Amino acid sequence: GEKDDWSLDILAHVLALARSSRLHRRLVLDEELATQVSAQNETRLDPGLFWVVAELRPGVRPDRVEAVIRDEVQRIADDGITQAELKRARIHIRSSFLFEDETVLETALKLGRYETLSTAGWRLVDAVLAGYDALDRRTLRDAAARLFAPEAWTAVWSVPHDHQVERPRVRRRKAAPRARARRDRKGAR
């Protein structure tokens, strides 16, 4: 029910909700570590959850996939997303949102969902598309940097009982020069 939900919806699309998404390209197509990957911003009235799920190919170590996911998320936090990624995410969100009005039942379900999931209730429906359109790349980068802090993650691996795995230490990716300069300026204030 907050503005960050709209940012997280866009970031979920950029990360893993399409074949052109970063994690699908990298994990499924390029490195062939996973058979599928998805991301979702679970919106609630109370604090929700943003999650990424990957189904690994046989023999792939979970720590290797987790490292790729963390790397892509950190890249977004450091460098942001491209204009093309933002455009694709907006188009997908807009079409999904509008297709929910195809029938009276779907419209009623949408209104009910907004009534229960936001403090503005069903009235928020009129502001949703404008809310997504108001997001720019800088806002999304800043949201990712704030909300995807590596130390705030909870990583869960579901592995077969006979599969031996060792948990890696979480290491923050070294920030890009522009991101370091931005953090240095913030610290000087």
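The values are calculated or read from the model by the stated rules, or taken from the named source; none is laboratory data. All values reported here derive from a predicted model rather than from experimental measurement. Because the Cβ atoms are built from the backbone with ideal geometry, glycine has one as well, and the counts that use them run over all protein chains shown. The area values use the complete protein model at the heavy-atom level, side chains included, leaving out ligands, DNA and RNA. Shrake-Rupley method; radii C 1.70, N 1.55, O 1.52, S 1.80 Å.
So which helices (runs of 4 or more DSSP H) stay within the range 62-119 end to end and still have 2 or more residues that are farther than 20 Å from residue 143 by Cα, in contact (Cβ under 8 Å) with a residue 60 or more places away in the chain and open to solvent by less than 90 Å² (accessible area, probe 1.4 Å)? Don't jump to the end; show me each part of the working.
Details: elements: 62-79, 83-99, 104-117.
Correct list: 62-79.
Search the range 32-41 for residues being out of contact with any Phe, Trp or Tyr (no Cβ under 7 Å at 6 or more places or on another chain) and more than 14 Å from residue 70 (Cβ to Cβ), and hand back the single one that is surrounded by the most Cβ atoms within 10 Å (Cβ to Cβ).
Step by step, filter the range 32-41, then rank; the result is 34.
Within the range 5-30, take every residue that is among the β-branched types (Val, Ile, Thr) and either touching a helix residue (DSSP H, G or I) at 6+ places or on another chain (Cβ under 7 Å) or within 18 Å of residue 91 (Cβ to Cβ) (or both) and give me the one that is surrounded by the most Cβ atoms within 10 Å (Cβ to Cβ). Walk me through how you get there before you give the answer.
Step one: of the range 5-30, the residues among the β-branched types (Val, Ile, Thr) are 10, 14, 28.
Within this subset, residues satisfying the condition of being either touching a helix residue (DSSP H, G or I) at 6+ places or on another chain (Cβ under 7 Å) or within 18 Å of residue 91 (Cβ to Cβ) (or both) are 10, 14.
Values: 10: 27, 14: 24.
Looking at residues that are among the β-branched types (Val, Ile, Thr) and either touching a helix residue (DSSP H, G or I) at 6+ places or on another chain (Cβ under 7 Å) or within 18 Å of residue 91 (Cβ to Cβ) (or both), I get 10.
For the range 43-61, which positions are open to solvent by less than 40 Å² (accessible area, probe 1.4 Å) and either assigned to a loop (DSSP other than H, G, I, E, B) or in contact with a Lys or Arg (Cβ under 8 Å, 6 or more places away or on another chain) (or both)? Before the answer, list the steps.
If we filter the range 43-61 for residues that are open to solvent by less than 40 Å² (accessible area, probe 1.4 Å), which is where we start, we get 54, 60.
Answer for the range 43-61, where residues must be open to solvent by less than 40 Å² (accessible area, probe 1.4 Å) and either assigned to a loop (DSSP other than H, G, I, E, B) or in contact with a Lys or Arg (Cβ under 8 Å, 6 or more places away or on another chain) (or both): just 60.
Among all residue pairs at least 6 apart or on different chains, which show Cβ distances below 6 Å where the first residue, located in the range 14-42, is closer than 13 Å to residue 60 by Cα and part of a strand (DSSP E or B) and the second is of a type in the set (Val, Ile, Thr) and open to solvent by 10 Å² or more (accessible area, probe 1.4 Å)?
34/28
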